[in-house]
Amino acid sequence: MSASPWQSPVGDPEKIDVITNRLYKSGVRGVDLFLVVAGPLDLDDRTVEVVAQKFRGYCQYVKSPAFAGEFGPPVEARVRIAIRSDWEIPEEIIEMIGGIADEEQVPAELGIFYEDPPEATDEEPVLDATKMYPYVVPRSYFDLPEGLPAEVAAQMGQSWMPQQEGFVLPLRNDIVTTLVVSTDDGQMLRCLQPEDLERAGLDPAKAHSLALANLERLARDGTTFQTATRALGNNGRPVIVWHGHWLAASCIVLPWLYDWAKKAVQNEEFGISIPQGEVMVLFPWGEAGFIEDIKSWIKNLVAGMDKLITFELFRLTPAGISPLVETES
């Protein structure tokens, strides 16, 4: 008796199986793209290849102008690519799709479901202001993806940055502070929009005040952010790195950061860098040669990372931050 011919357990590798809308706890509607498994996945080369091809197609679709034209610019907080299977998925395949997502740098959350996820609801929960935070990003964070259909680009302009006065605050040069909301377990959910504040009865000034207070609470709890100290330069100057959390760079707006650095390093003058979203570097001010060393060290520190912010250095003063004058000594 001959064996049954091999069939793809994920159907047509060129097809997107299911796209649904989902309402998150904050009230925003997200997009779920489901890759539906019709039979057990094994490690046969043909199975692995077809799953990889189909999953990569999902990633590329999320990044495409067609997706942005229909659902808006994709951000990880509101887009999810999920595999729906009645059979356990081999760990090797799970690792493979994670690797593909990293290669494609797809702005989407990943998920695996062994039963149908909860259905979307039409309820509109009010924003939980205790989970709102200031979020420091480059202005280019709000740029629309290239290749959008002309009618979409005409409607949205050159940026999806909220235009309400006081909603997005300039920090320095092309760096701004916006507002985000986190999930119950502290992960970033999405950027807020003016209508979120309107539903919650908040104006931008009050929202930024509450968000900063929430960030201060996280920074003072002693567990959310990790710190590491390194000796750099001929004189072994202490360099302090805040890391390990998606809000680490946003801590540059903490009003008591200078006092914290002064106590930690026993110095009066400081430089500060926020090269990447999960990294903030504080260092005692030094001569031009040391500044060049710190620049090079910081670039190596975040090499290969995404979500870069800026390699510009700033002065940290009791009044906040200001541009660094590198010719000073």
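The values are calculated or read from the model by the stated rules, or taken from the named source; none is laboratory data. All of these numbers come straight from a predicted model, not from anything done at the bench. Ideal geometry is used to build each Cβ from the backbone, glycine not excepted, and the neighbour counts take in all protein chains shown.
From the list A228, A219, exactly one residue is in contact (Cβ under 8 Å) with a residue 12 or more places away in the chain and surrounded by 19 or more Cβ atoms within 10 Å (Cβ to Cβ). Which is it?
Among A228, A219, only A219 is in contact (Cβ under 8 Å) with a residue 12 or more places away in the chain and surrounded by 19 or more Cβ atoms within 10 Å (Cβ to Cβ).
One residue is enough: does the stretch 269-277 have a residue meeting the conditions out of contact with any Cys (no Cβ under 8 Å at 6 or more places or on another chain) and part of a helix (DSSP H, G or I)? Give the steps one after another, and end with the answer.
Kept after step one, since they are out of contact with any Cys (no Cβ under 8 Å at 6 or more places or on another chain), are these residues of the stretch 269-277: 269-277.
Next cut, part of a helix (DSSP H, G or I) only: none.
No; the residues of the stretch 269-277 include none that is out of contact with any Cys (no Cβ under 8 Å at 6 or more places or on another chain) and part of a helix (DSSP H, G or I).
Just for the stretch 231-243: of the residues that are touching a residue at least 24 places away in the same chain (Cβ under 8 Å) and assigned to a strand (DSSP E or B), which one is farthest from the chain's Cα centre (by Cα)?
Here the residue is R237.
Only one of (1) over 30 Å from R199 (Cβ atoms); (2) under 22 Å from the mean Cα position of the chain (by Cα); (3) among the hydrophobic types (A, V, I, L, M, F, W, C) fails for L33. Which number is that?
(1)
Return the residues of the stretch 278-295 that are part of a helix (DSSP H, G or I) and either closer than 30 Å to P107 by Cβ or modelled with pLDDT of 95 or more (or both); say none if nothing qualifies.
K295
Give the stretch 304-317 a look and list any residue that's within 18 Å of G286 (Cα to Cα) and surrounded by fewer than 15 Cβ atoms within 10 Å (Cβ to Cβ), or say none.
Listed by number, the residues that qualify are F311, T317.
If I filter the stretch 315-327 for residues that are within 25 Å of the chain's Cα centre (by Cα), of a type in the set (D, E, K, R), modelled with pLDDT under 95 and on the phi < 0 side of the Ramachandran plot, do I get at least one hit?
No, that holds for no residue.
Looking at R139 and the list (1) within 30 Å of S273 (Cβ to Cβ); (2) modelled with pLDDT of 90 or more, which single condition is not satisfied?
(2)
Out of the stretch 50-79, which residues are under 23 Å from W246 (Cα atoms), at pLDDT below 90 and not in a loop (DSSP other than H, G, I, E, B)?
Selection gives V79 alone.
I'd like the full set of residues that are loosely packed, with under 14 Cβ neighbours inside 10 Å and assigned to a strand (DSSP E or B), limited to the stretch 168-198.
Listed by number, the list holds a single entry, P170.
Please work out which residue is surrounded by the fewest Cβ atoms within 10 Å (Cβ to Cβ), limiting yourself to the stretch 257-278 and to residues that are in contact (Cβ under 8 Å) with a residue 12 or more places away in the chain and over 22 Å from S296 (Cβ atoms). I'd like the intermediate steps shown before the answer.
We begin by selecting, within the stretch 257-278, every residue in contact (Cβ under 8 Å) with a residue 12 or more places away in the chain; these are 257-259, 261, 264-265, 267, 269-278.
Now narrow it down to the ones that are over 22 Å from S296 (Cβ atoms): 257-259, 264.
On the way: L257: 21, Y258: 21, D259: 11, A264: 14.
Looking at residues that are in contact (Cβ under 8 Å) with a residue 12 or more places away in the chain and over 22 Å from S296 (Cβ atoms), I get D259.
Those residues that are over 19 Å from the mean Cα position of the chain (by Cα) and either over 19 Å from G11 (Cβ atoms) or without any contact (Cβ under 8 Å) to a residue 40 or more places away in the chain (or both), I need them from the stretch 89-112; list them, please.
E91, E92, I94, E95, I112
Is it the case that S209 is small (G, A, S), in contact (Cβ under 8 Å) with a residue 40 or more places away in the chain and at negative phi?
no
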